[in-house]
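The values are calculated or read from the model by the stated rules, or taken from the named source; none is laboratory data. What you see is a predicted model; the values in this text were computed from it and never measured. Cβ atoms come from the backbone with ideal geometry, glycine included; neighbour counts cover every protein chain shown.
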Amino acid sequence: METLAFQGLVGLSLAMYLWLIAAGLTIVFGVLGILNFAHGSLYMLGAYFAFTCYGLWGINFWLSILLSLIGVALVSLVMERFFLRFIYHLDVAYQLLLTFGFILIFDDAVKITWGGVFMIPPMPDFFSGAIPIFGRSFPVYNLFIIGAGIGVAIGLWLILERTWWGRIIRASASDREMAGAIGVNIPILFTAVFMFGAALAAFGGALSTPVRVVAPGIGATVIIQAFVVTVIGGLGNLKGAFVGAIIVGVLTAYGILLFPIFELFIIFVVMAIVLLLKPEGLFGG
Amino acid sequence: MMTRKGVSIFGYGYKKVSNLLLLLLIVVLFFVPQLAGKYPMYMAMHILILSVFALGFNLLLGYTGLLSFGQAGFYACGAYGCGKVLILIPSLLPGIISGVLFAGVTAVILGFLCIRHTRIYFAMLTLCFGMMIYSLAWKWHTMTGGDDGLVGIPRAPLEIPGIFSIDMSSLQNYYYFVLIVCLLAIGLLYRIVKSPFGLILQGIRDSESRVSFSGVSVKNYRLIAFTIGGLYAGLAGALLPPLENTVTPPLAHWTHSAEPVLATLLGGIHTFSGPVVGAFLFYVIKDVIVRFTEYWLICLGVIVLALVMGLPGGVVSIFEQKLIPWVRLRFAGRSLH
Amino acid sequence: MTELLRTENVRKSFGHLQALDGVDIHFNADALTSIIGPNGAGKTTLINLLTGSLGLDSGKIFFKGEEITKMPTHERVKRGIGRSFQIMNIFPMLTVFQNIQIPVLSLFNKSLKFFSRLDAHADVIAEVEKISRDVGLWDKRELPAGELSHGDQRLLEMGIAMSSQPELCFLDEPTSGMNPGERVKILENIRRLSKDKRTTFIIVEHDMDVVFGLSDRIVVMHRGKVIADGRPDEIKENENVREVYLGEELEEGLI
């Protein structure tokens with residue numbers, strides 16, 4: 001029983017990475033209507049930038065995260081301003097193909113700049129160690145991750161529901177033309193939202209560096225997981241993304257524990273079931 | 001493509017010229033073993049296999065308007081299916097047929113789940129299901145050999161028991177087998193695309209509601225198209241094990257699904273021959289780039305960006321929109337229409 | 001007069017908006033009917049429901065005696081319902097000929113043929129030629145539909161709708177966005193096809209000239225309900241209708 005509860009907690013921390021990526025993907029899709037295939041690559045870049053600052057140059061942990069966010073936001077600025085902007089009106093196939101091109105570029109660019117697989121840098125002092133929960137040792141860092149994820153969820157909810165910015169974003173998401181007609185500067189808004197989504201992904205990547213290996217190709221793995229999360233939760237729905245992330249994270253953790261060979265497969269089966277029963281996703285429609 | 005009546009190049013109709021070129025190409029392909037040797041034979045086989053793979057993909061994208069990022073899953077079904085049968089029954093035909101059938105059945109089942117959805121969802125679903133197949137291929141050691149995959153697959157003889165048996169151990173013999181099978185498959189798909197069924201698919205691409213209002217069940221036709229795409233991916237996959245003697249999980253990974261996507265992008269989405277031209281270009285470009293740098297993905301990525309931003313119709317579109325009209329204006333004595 | 005289509009207490013809402021609030025209506029053969037009403041009255045929603053593009057919340061729909069409430073669009077089309085769209089719905093990348101060929105292939109039950117060549121079906125080709133000539137687009141048959149003028153696209157739209165040989169055909173604002181010359185052509189087409197008596201037209205229109213000029217019967221809708229239903233002269237006199245239509249269109253129609 002305790003093992004199950006413990007594994008549930010492990011799943012929760014796994015879920016938070018997924019949530020951070022899926023949140024950015026969902027916001028970008030909801031407002032811009034773009035499904036950014038390269039979103040996982042932005043997560044990967046966030047991890048690499050943070051690793052470089054913190055692991056290679058010894059910069060303060062929090063500062064490293066900030067620098068990583070800025071770096072990835074700049075990359076995403078270039079992506080949106082010079083490429084994506086020109087294909088908004090085209091079929092979604094073009095978006096997927098274009099962002100797929102970016103995946104290829106980022107994957108090799110990362111190899112060229114940083115080489116192959118990396119070691120995991122040491123944990124920042126204040127997070128090292130573990131505390132006993134459910135009779136086992138649970139890493140403090142993972143608690144931090146869970147806290148950060150929930151913090152982002154609350155923060156996003158506050159921004160979208162309670163601030164003027166949030167209202168504009170929600171309005172533009174539901175009716176772009178109308179928003180433009182009442183004076184919202186759509187191009188700038190889109191760029192800003194895209195960068196914000198990218199920053200969320202980078203945040204996830206940066207947070208992952210002390211515990212997960214940083215290597216080329218993690219972007220590709222992560223985007224698949226993000227897609228599964230958003231399909232389960234409902235495309236374009238933030239609440240769905242959060243719930244979907246928790247479902248996928250917890251199921252993966254239980255899968256690793258109970259059915260080690262098939263833990264990856266289980267996630268897809270769950271996705272298939274959701275699709276059969278409620279195609280728009282749990283919160284979609 | 002509709003024929004443009006009354007236009008001639010060098011006195012021959014446009015259609016006749018392209019048919020002539022096609023015939024020439026087929027003849028050249030038949031003489032590759034004699035004229036060129038082992039490496040070009042090998043490359044030609046890979047190009048043919050990718051052509052079949054990409055043509056199936058483009059039946060979905062160019063003709064039906066469905067972008068599938070999961071075709072590698074069916075390719076892997078074909079490869080693993082063929083491989084496993086060949087290890088048990090060293091005879092080429094049962095192996096190939098098993099692979100194709102396995103891919104087809106999988107396509108029907110997964111298609112049923114995917115086809116009810118709109119374009120974005122559809123693309124995502126195919127991606128995810130393709131990766132589902134990858135996860136099975138990678139982890140299910142007992143069935144698929146896991147990370148190592150299937151090894152020691154024989155290049156079995158092509159035989160019908162009691163009637164004939166052709167040894168395939170020489171690369172040349174297998175080359176001719178692959179060539180003939182691929183040409184037949186390509187020809188068959190051409191017939192399908194030019195049939196009433198093919199026209200309905202294009203209607204679905206252009207306006208699915210209008211097709212509904214013409215009395216056609218869009219879902220059923222999409223499912224059929226998806227199955228054909230899966231069968232062709234399966235055929236491409238099934239031709240691989242006898243050639244390489246091994247089958248490994250990366251064949252099912254979505255980055256492998258990207259190959260027919262790229263080939264089609266390169267060659268052109270809107271024509272039948274686009275994917276074939278693109279397959280050829282894909283291998284040529286890869287070959288060239290790899291001589292200079294190991295970082296060929298980034299070059300490919302840049303090419304993709306250039307194509308999507310600048311040339312959505314692919315290379316064949318330059319041919320049709322710029323070159324042919326130019327040639328016509330220069331050499332034809334009559335007006336264009 | 002044979003009854004073709006009948007609805008029983010059809011309701012449809014979108015969130016808080018009750019688009020259709022208990023509609024009981026029937027359409028008989030050979031009576032060209034126009035449906036009019038202010039914006040938001042529910043006209044297009046009704047058509048979407050009757051043709052199967054949308055599902056209803058409650059109520060029933062019967063076509064030629066058979067209940068079609070839950071039937072998908074293509075099944076309704078096979079039984080004889082057709083439609084043209086307000087926003088052009090043609091196949092832009094295909095030629096005019098191919099545009100008409102698709103519904104004809106379906107009508108002749110040849111759409112599933114994988115291996116035969118398209119030009120091998122002489123009966124289909126003959127029928128497509130006839131329809132193209134009927135709508136006056138035979139000369140442009142090799143042009144991609146997306147390259148036609150707006151008026152020609154509307155003609156094509158009608159041609160495609162008629163290709164399925166519907167007994168009951170809904171035309172959703174057939175003259176919208178047309179210049180006078182194009183309007184005359186479309187109306188001529190509608191009149192001619194109506195006289196043939198093989199198709200009964202139900203037209204949603206805002207242009208009162210068209211409505212009063214063509215219709216045998218007018219149905220007036222307002223806020224999801226039918227508020228008047230009768231001959232054109234009856235509708236002109238109707239108090240409720242005048243009240244609802246504060247705009248100029250009805251005034252013009254009366255003069």
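Where helices (runs of 4 or more DSSP H) fall entirely within the range A:162-257, those with at least 3 residues that are under 15 Å from A:Leu282 (Cβ atoms) are at A:218-233.
Okay, residues lined up against (1) at pLDDT 95 or above; (2) crowded, with 24+ Cβ neighbours inside 10 Å; (3) in contact with a His (Cβ under 6 Å, 6 or more places away or on another chain):
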position	(1), (2), (3)
B:Ile26	no, no, no
B:Val32	no, no, no
B:Ala79	yes, yes, no
B:Ser91	no, no, no
B:Val108	yes, no, no
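Kindly check whether there is at least one residue in the range C:105-112 that is under 19 Å from B:Thr64 (Cα atoms), in contact with a Pro (Cβ under 7 Å, 6 or more places away or on another chain) and at pLDDT below 90.
Residues of the range C:105-112 that are under 19 Å from B:Thr64 (Cα atoms), as a first pass: C:105-106, C:110-112.
From what's left, in contact with a Pro (Cβ under 7 Å, 6 or more places away or on another chain): C:105, C:110-111.
Then drop every residue that is not at pLDDT below 90, which leaves C:110-111.
Yes: one or more hits.
Each residue in the range C:157-186 was checked for being more than 29 Å from C:Asn109 (Cβ to Cβ) and outside any loop (DSSP other than H, G, I, E, B), and 7 of them qualify.
So that you can scan it fast, the table gives a plain yes or no per residue for (1) of a type outside the set (A, V, I, L, M, F, W, C); (2) in contact with a strand residue (DSSP E or B) (Cβ under 7 Å, 6 or more places away or on another chain); (3) free of Cβ contacts under 8 Å to residues at least 60 places away in the same chain:
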residue	(1), (2), (3)
A:Arg136	yes, no, no
A:Asn142	yes, no, no
A:Gly149	yes, no, no
A:Glu161	yes, no, yes
A:Ile169	no, no, no
A:Ala173	no, no, no
A:Gly180	yes, no, yes
A:Ser208	yes, no, no
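In a residue-by-residue description of the range A:213-225, the property of being more than 14 Å from chain B (Cβ to nearest Cβ) and touching a helix residue (DSSP H, G or I) at 6+ places or on another chain (Cβ under 7 Å) applies to at least one position. Checking B:Val284, B:Val276 one by one, the residue that is more than 14 Å from chain A (Cβ to nearest Cβ), over 14 Å from the mean Cα position of the chain (by Cα) and part of a helix (DSSP H, G or I) is B:Val284 and no other. Can you tell which of A:Leu97, A:Leu104, A:Leu67, A:Leu74 is in contact with a helix residue (DSSP H, G or I) (Cβ under 8 Å, 6 or more places away or on another chain), among the hydrophobic types (A, V, I, L, M, F, W, C) and at pLDDT 90 or above? Selected residue: A:Leu67, the only one of A:Leu97, A:Leu104, A:Leu67, A:Leu74 that is in contact with a helix residue (DSSP H, G or I) (Cβ under 8 Å, 6 or more places away or on another chain), among the hydrophobic types (A, V, I, L, M, F, W, C) and at pLDDT 90 or above. Mind listing whichever residues of the range A:200-229 are closer than 13 Å to A:Tyr17 by Cα and of a type in the set (Gly, Ala, Ser)? Across the range A:200-229, the qualifying residues are A:Ala201, A:Ala202, A:Gly204, A:Gly205, A:Ala206, A:Ser208, A:Gly219, A:Ala226.
Of the numbered criteria (1) out of contact with any Leu (no Cβ under 9 Å at 6 or more places or on another chain); (2) surrounded by fewer than 16 Cβ atoms within 10 Å (Cβ to Cβ), the one B:Phe213 fails is (2).
Being closer than 29 Å to C:Glu3 by Cα and surrounded by fewer than 17 Cβ atoms within 10 Å (Cβ to Cβ), is that true of even one residue in the range C:89-98?
Of the range C:89-98, the ones closer than 29 Å to C:Glu3 by Cα are C:89.
Subset that is surrounded by fewer than 17 Cβ atoms within 10 Å (Cβ to Cβ): none.
No; the residues of the range C:89-98 include none that is closer than 29 Å to C:Glu3 by Cα and surrounded by fewer than 17 Cβ atoms within 10 Å (Cβ to Cβ).
Scanning the range C:84-104 for residues that are assigned to a loop (DSSP other than H, G, I, E, B) and facing chain B (nearest Cβ under 9 Å) returns C:Phe85, C:Asn89, C:Ile90, C:Phe91, C:Pro92, C:Met93, C:Leu94.
Name every residue in the range B:235-251 that is touching a Phe, Trp or Tyr at 6+ places or on another chain (Cβ under 7 Å) and within 12 Å of chain A (Cβ to nearest Cβ), in order of residue number.
Keep residues of the range B:235-251 that are touching a Phe, Trp or Tyr at 6+ places or on another chain (Cβ under 7 Å), which gives B:236-237, B:242-243, B:247, B:249, B:251.
Of everything in the range B:235-251, just one residue is touching a Phe, Trp or Tyr at 6+ places or on another chain (Cβ under 7 Å) and within 12 Å of chain A (Cβ to nearest Cβ), namely B:Pro249.
Quick check on the range B:252-259. Is at least one of its residues closer than 27 Å to B:Leu22 by Cβ, in contact (Cβ under 8 Å) with a residue 60 or more places away in the chain and away from chain C (no Cβ under 14 Å)? Yes, the conditions are met somewhere in the range B:252-259. Among the residues of the range A:88-100, those identified as within 7 Å of chain B (Cβ to nearest Cβ) and touching a Phe, Trp or Tyr at 6+ places or on another chain (Cβ under 9 Å) are A:Leu96, A:Leu97, A:Leu98, A:Phe100.
Condition first: in a helix (DSSP H, G or I) and polar (S, T, N, Q). Now tell me which residues in the range C:137-156 satisfy that.
Keep residues of the range C:137-156 that are in a helix (DSSP H, G or I), which gives C:138-140, C:145-147, C:150-156.
Within the range C:137-156, C:Gln153 is the sole residue that qualifies.
The residues of the range B:134-144 that are facing chain A (nearest Cβ under 9 Å) and buried (at least 24 other Cβ atoms within 10 Å of the Cβ) amount to a single one, B:Tyr134. Within the range B:98-153, the set of residues being within 29 Å of B:Val218 (Cα to Cα) and part of a loop (DSSP other than H, G, I, E, B) comprises B:Ile115, B:Arg116, B:His117, B:Thr118.
Determine whether B:Ala263 is away from chain A (no Cβ under 13 Å), part of a helix (DSSP H, G or I) and either surrounded by fewer than 24 Cβ atoms within 10 Å (Cβ to Cβ) or at pLDDT 90 or above (or both). Spell out how you get there, then give the answer.
Numbers: away from chain A (no Cβ under 13 Å): no; part of a helix (DSSP H, G or I): yes; either surrounded by fewer than 24 Cβ atoms within 10 Å (Cβ to Cβ) or at pLDDT 90 or above (or both): yes.
Judged against the criteria, B:Ala263 is not a match.
Just a yes or no: is a residue in the range A:64-77 more than 18 Å from A:Gly204 (Cα to Cα) and either within 10 Å of another protein chain (Cβ to nearest Cβ) or touching a His at 6+ places or on another chain (Cβ under 6 Å) (or both)? Even if it seems obvious, please write down each step before you answer.
Residues of the range A:64-77 more than 18 Å from A:Gly204 (Cα to Cα): A:77.
Add one more test, that the residue is either within 10 Å of another protein chain (Cβ to nearest Cβ) or touching a His at 6+ places or on another chain (Cβ under 6 Å) (or both), and what stays is none.
No, there is no match, as no residue in the range A:64-77 is more than 18 Å from A:Gly204 (Cα to Cα) and either within 10 Å of another protein chain (Cβ to nearest Cβ) or touching a His at 6+ places or on another chain (Cβ under 6 Å) (or both).
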